[in-house]
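What follows is one structure encoded as C-alpha cells, with my remarks underneath.
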Amino acid sequence: MRSIRVPLGTRSYSIAVDRGVLSRVGAACARLKLGRRCLVVTDSNVGPRYAAAVEQSLADAGFDPRRITVPAGEPAKRLATAARCYDACAAHRLERDSFIVALGGGVVGDLAGFVAATYLRSIPFIQLPTTLLAQVDSSVGGKTAVNLRAGKNLVGAFHQPRWVGCDIDALRTLPEREFRSGLAEVVKYGIISDAPLFRRLERDLERLLERQTGVLGPVIARCCAIKADVIARDENESGPRAVLNFGHTIGHGLEVISRYGRYLHGEAVSVGMVAASALSVPFAGLEETEFERIRALLHRAGLPTDARLTPRQWERLVAAMRLDKKVRRGELQFVLAERIGKAIWGRQLPARLIARVLDPATLWRRPAPPARNR
C-alpha cells in the first residue's frame, strides 16, 4: 500500500492508494475514533456496485451506516440535493462525532463534503473516490461545493477529510470515457509541477489506458503527493494553490455554457489546458514545441483539444468565466505554464487578448498532433 500524508497540523490526514481499500474502510475509520453513526453518500452508478461492501466493512467494525443515493452526474451537485442529504443526516440522528462517507466520483465527493462541512456546523467525513479524476484530484484538499445555475462551485467551504482511500480496483469498472477524463487531471500535474511525470505519461500512456495496476498505482500516488505538497503551502487558495486550476478557468466556463451536458469535467479541462498553453506561449514564454507536446499527449489520451465556438457562445463563455471564483477586480485570472513542469498563477488577461490568441484561425486550425510515442 502507498500512503501519502497531507501535513496540516491537527487536521493532517493520510491518503491510501492500494487494491481492496473499500473492503478495509471500517478498520481505517475505527483507527480514527469516529462516532458510531455514519451516512454513506453515493450515486446511482456507484452505489449498486460498491455500497454494500463498504457498509458491511463499516458494520463489521462496529459502526451503524445508513445510505443515501443521489442521481449520477454533475446536475446532482446542487443545493436541492444537499437538502436531501441534510434530511438523511437528521433522520439517522447524526451527531457532531458522527461522520459522512463520500463513495463515488468528484460530484459525490464535493457534495458529501459540502454537507459534512455545513451540517451541525461541520462533522467529519472520509473520501472513497471511485474515479481516476477523484482519486488524483478532487478527493484531496478539502474543497467542497455545489453548483449554481450561474456557475460551478460557487457555494462551498474548505473542509478537509479525515482520511482518503483510493481503491485501484474500483477503476476497473469505470467507463472508458470517464477514465480518459481523469487522465486530463493527471496530465495537469505533469504540466504544472513535474516534468519527469509528464515524460512518464508520454512513455507509458498506452499502459495507463490499459489500466495496468503497476503503472496506475505509482502515477496516482505521485499526483496525490504533488497536491498534498501544494495544499500544505496554501490550504485556502490564497496564492500558490491556484496553480492547481491550470485549464480550469476556460474548462469550467465550457461546462457552464453547455449546462454540464456536453463535456465531462476532464474533457472541458483538457480543452482549457490547450487554451491555457496557447496563452502561455506569448504571455509566459512557453516554447511552441512544449505547447505541441501538451496538445499531442491530450490528443493521444483521446481527449478533446478544441472548442469551436460561435460569437454568441464566446460571449457566453466570457460571461461564465467572469463569474469564476478566480476573477479579481473584474479581470480574468489565469494559470499559465512557463515550461512543462513549472506554472505561474494570477496572470490577469483581458478578454480581448484571450480572444485574439484563441481565435480559430490561429489555434484550432493547426494540424492535428501526431499520435506517436516520445
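The values are calculated or read from the model by the stated rules, or taken from the named source; none is laboratory data. This one's a predicted model, so the numbers in the text were calculated from it and none came from an experiment. As a convention, Cβ positions derive from the backbone with ideal geometry for all residues, glycine included, and neighbour counts pool all protein chains shown.
Assorted remarks:
- Test: residue in region 52-63 that is in contact with a strand residue (DSSP E or B) (Cβ under 6 Å, 6 or more places away or on another chain) and within 25 Å of Thr10 (Cα to Cα): yes
- Residue list for region 207-220, restricted to those being part of a helix (DSSP H, G or I) and either surrounded by 15 or more Cβ atoms within 10 Å (Cβ to Cβ) or in contact (Cβ under 8 Å) with a residue 40 or more places away in the chain (or both): Leu208, Leu209, Thr213, Val215, Leu216, Gly217, Pro218, Val219, Ile220
- Residues of region 249-268 satisfying the condition of being without any contact (Cβ under 8 Å) to a residue 60 or more places away in the chain and crowded, with 23+ Cβ neighbours inside 10 Å: Gly251, Ala268
- Of all the residues in region 123-138, those that are of a type in the set (Val, Ile, Thr), touching a Lys or Arg at 6+ places or on another chain (Cβ under 8 Å) and free of Cβ contacts under 8 Å to residues at least 60 places away in the same chain number 1.
- Across region 81-125, the qualifying residues are those that are part of a helix (DSSP H, G or I) and among the aromatic types (Phe, Trp, Tyr), and the one among them that is surrounded by the fewest Cβ atoms within 10 Å (Cβ to Cβ) is Tyr86.
- Some residue of region 17-34 being more than 23 Å from the chain's Cα centre (by Cα), outside any helix (DSSP H, G or I), of a type in the set (Lys, Arg) and assigned by TED's automatic domain parsing to the domain that holds Ala72: yes
- None of Arg31, Arg5, Arg78 is loosely packed, with under 14 Cβ neighbours inside 10 Å, touching a residue at least 40 places away in the same chain (Cβ under 8 Å) and under 30 Å from Val230 (Cβ atoms) except Arg5.
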